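Before any comments, here is the structure.
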Amino acid sequence: MNKAAIMKILGYSGFEGVCSRLRLRGHALRCVCRAKRFIFQYSIRTVPRSEGERLVEKRVLILGIPVWVNRRQRAKYHIALLVDEFFGGWDTAIGGYGALARKYICQYIPDDNIQIDLLLDTSGGFATQERLVDQTRIYRLPSDPAKRQSWLDRQGYNLFLSIEMTHPSFRIISEYKTNTPLLYWIQDPRDLGMYQQRQQTVHRLRDDDWGYIKDVSIWMEEIQQRRVCFISQGETLSTIAREMYHIPDEMPIQDLPNPVEMDHDYILNDPPKEDKIIFIGRLEAQKRVWMVCEIAKVMPQYEFYILGATGKGRNEIENAQTLEPYRNQDGSSRVKNLHFTGHVDGDIKSQHIKTAKLVLNT
């Protein structure tokens, strides 16, 4: 058989190109992995709670026949949190989902009975990458689905918790064959039919992930009868999600509002209010921060403070360009009564909120 015939059988036009060779190697690796799993399979699965607390079952199968099965008690419930940011941790973006994950879920929930791992994305290359941030183990999983399947099987997670479903999280969970339950936290369901006209106001930059994943609605409908439960930060969002994901009326959606840090000792006008208006948020297209800048130009009697930064890995250059008419390269403002503070948190953020007369949210 000559070279041309071999290439035709394999479906490749040639081996000369780097991409062609990589595709061939990937195809061969997947075939080898499938053959290996058919002959010999080792897996860990969680045992339903009705059969015992925190039990995991190890299984070895040869040609699909179990030859060794062992159940053991696990020290903690093992939970995988699906979110593609950790509020700056491991060079991730700074945003609301990451803040919720890092400041609340991973800070307050883990205890003697619960362990939470964070699964970021599938950019780990040929192997799983791991990092410890704020006592939370964060993982970037392999790009190859077979390797991800094998790694996830070995973890034996008792539960997947998803904050909405962005593209990196969707790629992890939608390609993983499992019966492990998914707890889906409805945070920002985007029905494009509702937002289509409003998208046109984002005229300077269109967010890549504005509508999330087209396939997620179909996938959610397929799995929800089997292993998904919903929680939501508000009834209005639950209504949108029911329509998008075709959630039956009889399926409950438990309200679980976002936690908010409250200073219960705060007294109004202590410290005194100033002629100050603040904007808080990441400086990206969705937030339309240039509208605040334009308002500042026509209201010189107030000082405007922009509290926030551009998210990493999210069109950083393009987002920065939208602020060039108002901000110099060193971060200083071109408008006299407009101030860019960058990202602030803790006492500094609290002080801005207490002394401002208005929080402006576009």
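Summary table
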read-out: Cα-projected label distance for residue 191 with residue 250, points at 7 Å along beta-carbon direction, nm; value: 2.3 nm
read-out: Cut-off under 5 Å, modelled amide H: who pairs with residue 323 long-range; value: none
read-out: Overall form of the range 111-201 per C-alpha gyration tensor (a/c, 1.5; a/b vs b/c); value: prolate
read-out: For the range 306-362, alpha-carbon Rg relative to the globular expectation (2.2 N^0.38 Å, N residues); value: 1.23
read-out: For the range 274-362: relative contact order, % (alpha-carbon pairs under 8 angstrom, 6 or more apart); value: 44 percent
read-out: GluC sites (Glu not before Pro) restricted to the range 128-192 and DSSP loop, no more than 15 other C-beta within 10 Å; value: 175
read-out: Relative contact order (%) - the range 147-190, alpha-carbon pairs under 8 angstrom, separation at least six; value: 51 percent
read-out: Cα gyration tensor, the range 208-362 - rounded (a/c under 1.5), prolate or oblate; value: oblate
read-out: Cα gyration tensor category, rounded, prolate or oblate, for the range 54-105 with a/c compared to 1.5; value: prolate
read-out: Mean Cα-pair separation over length for the range 30-122, i.e. relative contact order, pairs under 8 Å, 6 or more apart, %; value: 21 percent
read-out: Packing-based ranking, highest mean first, of 238-251, 264-277, 77-90, 55-68 given that Cβ atoms within 10 Å are counted; value: 77-90, 238-251, 55-68, 264-277
read-out: The range 154-183: trypsin sites (Lys or Arg not before Pro) falling in loop per DSSP and having at most 10 other Cβ within 10 Å; value: 177
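All of the numbers you see were taken from the coordinates with simple rules; none came from a lab. Computed from a predicted model, the values in this text were never measured in an experiment. Counting neighbours? That spans all protein chains shown, and the Cβs are built from the backbone with ideal geometry, glycine included.
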